[in-house]
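Visitor: Mind having a look at this structure? Questions to follow.
The values are calculated or read from the model by the stated rules, or taken from the named source; none is laboratory data. Please read all numbers here as calculations on a predicted model, not as lab measurements. Positions of Cβ are backbone-derived with ideal geometry, glycine not excepted, and every protein chain shown enters the neighbour counts. Note: areas computed on protein heavy atoms with side chains; ligands, DNA, RNA excluded. Shrake-Rupley method; radii C 1.70, N 1.55, O 1.52, S 1.80 Å.
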Amino acid sequence: MKVWCKKIITSSAGALVLWLATPYPVTPALARDSAPADVQKQLPVSRVRSLNFGIVDTGSRITLQVGGACVATEPFKNSEGVAFFLKECFLPRSLRHPLETGAFPGAVESVIPTQLSVKGIPETRVLVKLTRAATWSLRQDQGTVVLDIIHPRLEAAAQPQPLPLPVPAPAPAPQPQPLPQSASSETTIKKLQESTAVPPGTRKVYTGRKVTLEFVDADIRKIFQLIAEVSNLNILLGDDISGAITLKLVNVPWDQALDVILESKGLAMRSEGNIVLVKPQSRFKSSDEEALDAKKSREKMMELQTRVFDVNFAQSADLVAQFRSLGSGRSDSSIAQDERTNKVIVTDIEPAVNRMKKFLESIDIPEKQVLIEARIVEASNNFSRGLGIQWGIQYRNPSASILGINSLSSGFGGTVSDPPLSGTYGPGMATGISFGTLASNINVDLRLSALATADLVKIISTPKIATLNNKAAKITQGQSIPYQNTTANTGAVTQFVEAALSLEVTPHITPDGSVMMKIKATNNSPGSIPQGGTTPGINKKEATTELIVRSGETTVIGGIYIDNDTENNSGVPFLMDIPFFGWLFKSTTKSKVKSELLIFITPRILN
């Protein structure tokens, strides 16, 4: 920031007049606008002379009379409406106020001119706030800038025509100007409040205009006055703020400079409306304590009221403790519950009763319900195949005298099933062939067996259950198998083991519409009875997990896949290994078992 200072001596009424710049840093454009009329002629600077608003046939018209080398940029759309800039153009202080045009027909709510400074060069920004979408056109001719806002309801009916330029209004008399500003005081105060609300230990973000302050033993009240001019704030200083300050801050945001000065002097600020109040921290603390004491005194003088609250969905016992924290704390106040009617009776002052009423309205709402559907799919595929050849040799001689052996039967080859008897037929094929008598007492026969089986089983179980949010639910179907448990102390005791299909779930609905669930899904079934036992075993299929699923979507929470291949060869040693001929002396059994278990879950929010 530069300090502009220039001496100009003029004569007036027979006297010499010496005119200097204002005592704070200013730009050349600012100095010219605050100088006398005869001095302004010696300082040629482009500026806005007048700003007018009017209604024409096709809409609203904003007219600016400019002097010098002011150049208007192309208008652009923003979140509030439409805006444009006047390059190298100074805006006098008398024109730095918004034009409220909401009472006029049309889409224009207000016109807000703002003075900016870019690298020491003045620049004027004109913002036109719109209440609805509209089109616009801008033109500049001989020191006049005209922005036409075409009303939406008139745009189709009226064709754009060249509009006559209005007669320029006389420029107001120049007045002493503050530094150019870039934002309204309301916006600046809002940013200050957000900066003050930053938690301790968090880095603050400063967005103010950068300034340079170099002072030695300067009056601190003057420094606050300078910051008020730079920031466009209404700053009110307490009577006990005094003293001098020495500082050198080069190119820092003004809000950061304000924080540094407040901290170094033990001061604090508080905004009330569009005014920033600055006092010592101890004064603010005392004021807060006095306000709190005054509030308690007023509450002690208030009359007690009795209110009966109907509780629909919550439990009255749970609300009593929360109501006590919202009460006034007076010794003659009371909070009680009626369990039979699920009501809460409160006797307290009116502000406390109103707080409890608002709290009850926000918390006494019905819980959402969730329907959980599970699909447990079991599929098994069994295949087996057996092929074998077995030879048999029989010797019978009733009159034999060798070692007393009169009968001998021998078989060799693979393991096969017996040939079917007459009139009975089993699965596969079993054939017996007799080759006749090799000798007088020796017979030879052959048995051939071939069998193939294929099983395909598919079981789908679909348990469903609905429950409230955050409430556990369980559904079960199956049987309980008894067994004897014998101990030395109790003797024989009959106990039961469940072999059932069950679904146990606890849902929690998240704010984004998803459902977080704790799930336990089981599909147990009775198994085979072990050898020597009397009670069947339990085939267990269980899954326990936690997951998040959006309402209406389906997910797989678990799966088990088993693939078992078995091949068995049996026959005569050595002979079964002979290529090709080995098939005459062996049997082959192949089996393949595939099983698959999948568990699907689908949650749905009911209300």
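Visitor: Can you compute the FRET efficiency between residue 455 and residue 399 using 1/(1 + (r/R0)^6), with r the Cβ-Cβ distance and R0 = 56 Å? Round to the nearest 0.05. Kindly include the intermediate steps, with their values, before the conclusion.
Guide: Details: r = 54 Å, r/R0 = 0.97.
For R0 = 56 Å, the calculated efficiency reads 0.55.
Visitor: With all protein chains present, how much of the accessible area of segment 238-363 (probe radius 1.4 Å) comes from carbon and sulfur, to the nearest whole percent?
Guide: Details: 3730 of 7810 Å².
Summing carbon and sulfur atoms, their accessible area is 48 percent of the total for segment 238-363.
Visitor: Also: Based on the alpha-carbon gyration tensor of segment 253-407 and its eigenvalue square roots a ≥ b ≥ c, which shape applies: rounded if a/c is under 1.5, prolate if not and a/b is larger than b/c, or oblate?
Guide: On the way: a/c = 5.76, a/b = 2.75, b/c = 2.10.
Prolate, since a/c reaches 1.5 and a/b exceeds b/c.
Visitor: Please give the solvent-accessible surface of residue 561 in Å², to the nearest 10, using a probe radius of 1.4 Å with every protein chain present.
Guide: The accessible area comes out at roughly 140 Å².
Visitor: Please report, as a whole percent, how much of the solvent-accessible surface of segment 457-601 comes from carbon and sulfur atoms (probe radius 1.4 Å).
Guide: Working: 5030 of 9320 Å².
For segment 457-601, the apolar C and S fraction of the accessible surface comes to 54 percent.
Visitor: Now a separate question. So if the hydrodynamic radius of segment 61-157 is defined as the Kirkwood radius over C-alpha pairs, what does Stokes-Einstein give as its diffusion coefficient at 25 °C and 0.890 mPa s, in µm² per second? Intermediate values should be presented prior to the final figure.
Guide: Values: Rh = 14.0 Å.
In µm²/s, the coefficient is 175.
Visitor: Continuing with the same structure: Just check segment 522-575 against the gyration tensor rule for me: Cα atoms, a ≥ b ≥ c as the square roots of the eigenvalues, rounded for a/c under 1.5, and otherwise prolate or oblate depending on whether a/b exceeds b/c.
Guide: Numbers: a/c = 5.94, a/b = 1.83, b/c = 3.24.
Oblate is the answer for segment 522-575, as a/c is 1.5 or above yet b/c matches or exceeds a/b.
Visitor: Here is a further query. Taking just the alpha carbons, could you work out the radius of gyration and Dmax for segment 283-350, both in angstroms?
Guide: Over segment 283-350's Cα set, Rg and Dmax evaluate to 15.4, 53 Å.
Visitor: Can I ask one more? Which FRET efficiency value, to the nearest 0.05, is calculated for residue 379 and residue 581 with the Förster distance at 45 angstrom and r the Cβ-Cβ distance?
Guide: On the way: r = 42 Å, r/R0 = 0.93.
Rounded to the nearest 0.05, the efficiency is 0.60.
Visitor: Separate question: Would you calculate the separation in nanometres between label points at residue 412 and residue 434, each defined as 7 Å from the Cα along the Cα-to-beta-carbon direction?
Guide: 2.2 nm
Visitor: Continuing with the same structure: Can you tell me the order of 99-112, 235-248, 333-346 when each peptide is scored by its average per-residue count of other Cβ atoms within 10 angstrom, highest first?
Guide: Values: 99-112: 16.9, 235-248: 12.4, 333-346: 15.2.
Result, highest mean Cβ count within 10 Å first: 99-112, 333-346, 235-248.
Visitor: Further, regarding this structure: Could you calculate the contour length gain from residue 286 to residue 304, that is, 0.36 nm times the residue separation minus the distance between their Cα atoms, to one decimal place in nm? Show your work: numbers first, answer last.
Guide: Values: separation 18, 0.36 × 18 = 6.48 nm, distance 2.96 nm.
My answer for the length gained is 3.5 nm.
Visitor: Something else about it: Heavy atoms only, 1.4 Å probe, whole protein assembly: order 84, 580, 496 by accessible area, highest first. Could you put the intermediate results ahead of the total?
Guide: Working: 84 0, 580 185, 496 135 Å².
The ranking, largest first, comes out as 580, 496, 84.
Visitor: Ok, one more. So what's segment 552-598 giving for Cα Rg divided by 2.2 N^0.38 Å, two decimals? The partial results should precede the final answer.
Guide: Working: Rg = 20.3 Å, N = 47, 2.2 N^0.38 = 9.5 Å.
Normalised Cα radius of gyration, segment 552-598: 2.13.
Visitor: Same structure, new question: Relative to the present Cα-Cα distance, how much length would full extension add between residue 71 and residue 206 at 0.36 nm per residue of separation?
Guide: On the way: separation 135, 0.36 × 135 = 48.60 nm, distance 3.17 nm.
So the chain would gain 45.4 nm between residue 71 and residue 206.
Visitor: Please get the size of the charge dipole for segment 202-313, origin at its Cα centre, with Cβ charges of +1 on Lys and Arg and -1 on Asp and Glu, quoted in debye to the nearest 20.
Guide: On the way: 17 positive and 17 negative charges, 51 e Å.
Charge dipole of segment 202-313: 240 debye, to the nearest 20.
Visitor: How much of the calculated P(r) for segment 225-334 lies past 22 Å, in percent of all Cα pairs? Let's see the in-between values first.
Guide: Numbers: 3416 of 5995 pairs.
Looking at segment 225-334, the distances longer than 22 Å represent 57 percent of pairs.
Visitor: Calculate, for segment 259-392, the solvent-accessible area per residue in square angstrom, rolling a 1.4 angstrom probe over the heavy atoms of the protein chains. It would help to have the intermediate numbers written out before the result.
Guide: Numbers: 8120 Å² over 134 residues.
Normalised by residue count, the accessible surface of segment 259-392 is 61 Å².
Visitor: Is segment 255-319 rounded, prolate or oblate when judged by the Cα gyration tensor, a ≥ b ≥ c being the square roots of its eigenvalues, rounded requiring a/c under 1.5 and prolate requiring a/b larger than b/c? Write down the numbers at each step before the final one.
Guide: Details: a/c = 3.74, a/b = 2.28, b/c = 1.64.
In terms of gyration-tensor shape, prolate.
Visitor: On a full-extension model of 0.36 nm per residue, what is the gain between residue 469 and residue 330, subtracting their alpha-carbon distance, rounded to one decimal in nm? Please list the in-between numbers first.
Guide: Values: separation 139, 0.36 × 139 = 50.04 nm, distance 3.72 nm.
Working it through step by step, the gained length comes to 46.3 nm.
Visitor: Let me ask something else. To the nearest 0.05, how large is the calculated FRET efficiency for residue 593 and residue 494 if R₀ is 41 Å and r is the Cβ-Cβ distance?
Guide: E between residue 593 and residue 494, to the nearest 0.05, is 0.70.
Visitor: Okay, moving on. Would you work out the Kirkwood radius for segment 471-573? I mean one over the mean of 1/r across all pairs of different Cα atoms, in Å. Provide the component values of the computation, followed by the final result.
Guide: Numbers: mean 1/r = 0.0562 Å⁻¹.
Kirkwood hydrodynamic radius for segment 471-573: 17.8 Å.
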